[in-house]
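Some notes on the structure that comes next.
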Amino acid sequence: MLIYFLNSILFVLGLYCLIAKKHLVKKIIGMTIMDYAINLFIILLGYKKDGIPPILLPDMDINTFLQQSVDPIPQALVLTSIVIGLSTLALMVAISLRLYEKYKTFDMSEIRRLHG
Amino acid sequence: MLILFYALLIFCIVGSIIAIEIRNILASVIAAGAVGMALSILFLFLGAPDIAITQVVVEIIVLIVLIRSTVSLDNTSPTKHRDTFAILSSLIFFGLFLVFAFMAFQGLPKFGEPLMKVASNYLRDSVTQTGASNVVMGIILDYRAYDTLGEATVIFTAILGSFVVLRAKGKKRKEESDRVKVGIPDKEDLPKTLIEVEE
């Protein structure tokens, strides 16, 4: 249970960075940390004690493999999620670079023309 | 083994605190990169070598993209007019979040004892049904191949979006500059042959 709790502390740190910081690149870093924490949480859910990777080697018995292997489904889903996190990060960086070109600053509180 | 997990996770937490609180943005980006690398080692020990390889590659690309966005630009975070209300309310909210998360974790299966109801079928039949001895690859590219198709669509859309946003010169600016010159042109703008004909 403690390892889940540490993992949620990591998530909360990313969320804090996303909400409280003003610099656009810091917000992106906070989002990346949240992404890491969620991926790690899903992998942790599938871990088996003293587990082996889910790769069937030729000299391995299928029954011992079934008993020892870790859960492969979270790994398959997280593999997708990591790459999607990368592409959303590229989009965020592109938009923040465009904002820098227009307003000459990364500071969110200085970008005042967006206020209603 | 469990001590190793705790050590790496605490390293991640310390690294992300440094990444959040340091003033220099370049140092912050590098600290975030260190967190990602530690996470990849943690994946390796958790029995997920595929995830570890992908995490290393993605981490390096993230570092390159973020350094590109920070280097030679505005390099220090703003210090004046901190929003104390936002910080205080977010801290209260995070305390509540941690309490409720701790209560919710009691309902999960214990760490080290996953459920594996569907997964045992995949593990047993993967070699005979798909021919893949790496079960993760069998799931990604065979059992759930439509997920991978959707992932490719998302990546394509994101790259297209960032390409459109970052395009240096838009089409519209050219059209507008044409529209300004509508009307009777000056003599200097006309080609020389036309002027000679008029004279």
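Derivation of every value follows stated rules applied to the coordinates shown; laboratory data play no part. Remember, predicted model here, so these are calculated numbers, not experimental data. Every residue, glycine as well, gets a Cβ built from its backbone with ideal geometry; the counts of neighbours run over all protein chains shown.
What to note about this one:
- For B:G161, net neighbour charge (Lys/Arg +1, Asp/Glu -1) across residues whose Cβ lies under 13 Å away: +2
- Computed from point charges on the beta carbon alone (+1 for Lys and Arg, -1 for Asp and Glu), the dipole magnitude for the protein assembly as shown about its Cα centre is near 980 Debye.
- Under the convention that each Lys and Arg Cβ holds +1 and each Asp and Glu Cβ holds -1, the size of the dipole of the stretch A:1-78 around its Cα centre is about 700 debye.
- Amide H contacts under 5 Å for A:I52: A:S69, A:V70, restricted to partners 5 or more places along the chain or on a different chain, H placed in the peptide plane at 1.01 Å from N.
- Placing dummy labels 7 Å off each Cα toward the beta-carbon, the span from B:I53 to A:T105 is 4.7 nm.
- Whole-Å distance, taken between Cα centres, linking the stretch B:30-52 and the stretch B:1-19: 11
- Counted charge near B:L42, where neighbours are those whose Cβ lies closer than 15 Å (Asp, Glu -1; Lys, Arg +1): -3
- Total formal charge among the other residues, if their Cβ is under 13 angstrom from that of A:L44, Lys/Arg +1 and Asp/Glu -1: +1
- When the pairs A:K26/B:K110; A:K21/A:K104; A:K26/A:K48 are compared against a 30 Å limit on Cα-Cα distance, A:K26/B:K110; A:K26/A:K48 fall above it.
- Rg/Rh (Cα only; Kirkwood hydrodynamic radius) as it applies to chain A: 1.18
- Kirkwood Rh, Cα atoms: Rg over Rh of the stretch B:118-168: 1.29
- Full-stretch length increase - A:M1, A:T64 - with 0.36 nm per residue and alpha-carbon distance subtracted: 20.0 nm
- Dividing the helix sum by the residues of the protein assembly as shown, where each DSSP H run of 4 or more adds -39500 (n - 2.57), gives a mean residue ellipticity at 222 nm of -23500 deg cm²/dmol.
- More than 33 angstrom apart: percent of Cα pairs within the protein assembly as shown: 40
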